[in-house]
Amino acid sequence: SCFACGDSTGIRIFNCEPLKQLYSHDFRRGVGHVEMLFRCCYLALVGGGSLPAFPCNKVVVWEDQIQKVACEVEVRKPVLGVKLKRDRIVVIVLDEVYVYTFEPEPRVLYSYSTCENPTALTDMSTTTPLLVIPSVDKGQICLINIGDDAPNAQMRLIPAHTSSLAVLTLNMQGTMVATCSEKGTLIRIFDTCTCLLLYELRRGTQKARVYSVAFNQRSTQLCVTSDTKTLHIFSLDTKQKSRSITKHSLPTSVPSVCCFGEEDGTVIVITIAGFYYKVRWNDKGESVKEEQFKFTAMKDE
C-alpha cells in the first residue's frame with residue numbers, strides 16, 4: 001500500500017512496507033490535499049498553504065504518468081476533501097457533497113446537503129456503489145447508492161450518535177461502517193445492509209479527539225488513534241467486542257492516520273508531523289514500536 005502527502009511545494013508518494021519515497025512532483029506552490037486512486041497514476045489535488053498551486057475551490061486530477069492534468073472540477077465553495085474511485089469523483093465542501101463522473105469532462109450526478117463538516121467526513125466503497133456521509137442532523141449518517149442505476153433519493157439513515165461525528169470509516173468490503181462522535185469514548189460499527197448496530201467498542205471513559213479508525217482486510221480487527229497518544233487495537237470477535245485487545249503509547253498527540261500492516265499483528269501510524277511508526281504486538285497483547293522514521297526527510301529512490 002501507499003500514502004501521499006502535500007506540502008508547500010508539491011506532492012510526495014511513499015510506499016508503506018518497506019517505507020520509501022516513490023515519487024515527488026514540484027509544483028513550486030502548495031498542495032493542501034492529495035487523494036490517490038489505489039496505486040495507479042491518478043491523484044486528486046487541492047491547493048493549500050499561503051501560495052496554493054490551485055484555487056481552493058477546484059479539484060485537479062493529476063495523471064503523473066504523463067505529468068498532465070486529466071480533468072478538473074470546480075465548485076462554489078472551498079474544497080475540504082476528495083474521494084476517488086474508477087468511475088466517480090466525490091467532492092466535499094463545508095455543508096455539501098457532490099458526486100461527479102470520472103471522465104475528461106466530469107458531470108455532476110448528485111449533490112447532498114450535510115451538517116457542517118469541517119473535517120470532510122466521507123467514505124466511499126471501492127467495491128460497491130456505497131457512499132457514506134454525515135446527515136443534515138447531528139450524529140446521523142446517510143448511506144447512499146451512487147451507482148449508474150441509482151435514483152437520487154435512494155438513501156438510508158443511521159442515528160449513530162447524539163453528538164457531532166468525528167470519524168466515519170467503511171471496511172474494505174463496504175459491509176460495515178465505523179463511527180465515533182466528538183466525545184471520543186465509543187466507536188460504533190453498523191451493518192451497511194441492515195443499518196443495525198453490530199459492535200460498540202469503548203476507547204476510554206475520558207473525552208478524546210479520535211483522529212483515525214481503520215479495519216483490517218478481513219474486518220476482524222479495528223485500530224484507533226486519538227489525541228491521548230494512544231493506539232488502540234480492538235477485536236471484532238463477539239467474545240471481545242467491548243474491549244481493546246492491546247494498546248500502545250505513541251510519542252505524540254498530533255493528528256494521525258492508522259492502518260493495518262501487511263503482516264498480522266502490525267499497524268502503521270502516519271502523523272501530520274511527518275513521522276511513520278510501525279507497531280507490532282503478540283498473542284499476549286504486548287506491543288512494541290518496531291520502526292520509526294521521519295518520512296518527510298526521505299528522497300526519491
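Loop-located trypsin sites (Lys or Arg not before Pro) in the stretch 30-139 (DSSP state not H, G, I, E or B) with no more than 15 neighbouring Cβ atoms inside 10 Å: 39, 76, 86, 107. Counting every C-alpha pair in the stretch 1-148, the share spaced more than 20 angstrom apart comes to 48%. Note on residue 162 and residue 25: with the Förster distance fixed at 45 Å, the Cβ-Cβ geometry gives a FRET efficiency of about 0.55.
Counting only lysines at least 8 places from residue 77 when in the same chain, those with an alpha carbon closer than 24 Å to its own are 58, 85, 138.
Charged side chains reduced to their Cβ positions (Lys and Arg at +1, Asp and Glu at -1) give the chain a dipole of some 860 debye around its Cα centre. Shape summary of the chain, radius of gyration then Dmax from alpha carbon positions: 18.8, 54 Å.
Centroid-to-centroid, using Cα positions, the stretch 257-288 and the stretch 167-192 are 20 Å apart. With just the Cα atoms defining each centre, how far is the stretch 79-143 from the stretch 1-60? Give it in Å. Here the two parts' Cα centres lie 20 Å apart. Check which residues have an amide H placed less than 5 Å from residue 88's amide H, if you skip close sequence neighbours. Sorted by chain and number, the residues that satisfy this are 102. Surface exposure of the chain, expressed per residue as accessible area with a 1.4 Å probe, stands at 48 Å².
Karplus-derived 3J(HN,Hα) values for the stretch 77-86, using 6.51 cos²θ - 1.76 cosθ + 1.60 with θ = phi - 60°, are 10, x, 7, 9, x, 9, 10, 10, 9, 4 Hz; glycine and proline are entered as x.
Rounded to the nearest Hz, the phi-derived 3J(HN,Hα) couplings of the stretch 260-276 under the Karplus curve 6.51 cos²θ - 1.76 cosθ + 1.60 (θ = phi - 60°) are 7, x, 5, 8, 4, x, 9, 9, 10, 10, 10, 9, 5, 7, x, 9, 10, where x marks glycine and proline. Rolling a 1.4 Å probe over the protein heavy atoms of the chain, with every protein chain left in place, gives an accessible area that is 49 percent carbon and sulfur. Computed on the stretch 127-205, the Cα convex hull volume stands at 81 Å³ per residue. Along the stretch 281-290 the Karplus relation, 6.51 cos²θ - 1.76 cosθ + 1.60 evaluated at θ = phi - 60°, assigns HN-Hα couplings of 9, 9, 5, 7, x, 7, 10, 8, 7, 7 Hz to successive residues, with x for each Gly and Pro.
Between residue 23 and 13, the built amide H atoms are under 5 Å apart, and every one of these is 5 or more places off in sequence or on another chain.
The values are calculated or read from the model by the stated rules, or taken from the named source; none is laboratory data. Just so it is clear, the model here is predicted, and its values are computed rather than measured. Counting neighbours? That spans all protein chains shown, and the Cβs are built from the backbone with ideal geometry, glycine included. Just the protein is used for accessible areas: all its heavy atoms, side chains included, with ligands, DNA and RNA removed. Shrake-Rupley method; radii C 1.70, N 1.55, O 1.52, S 1.80 Å.
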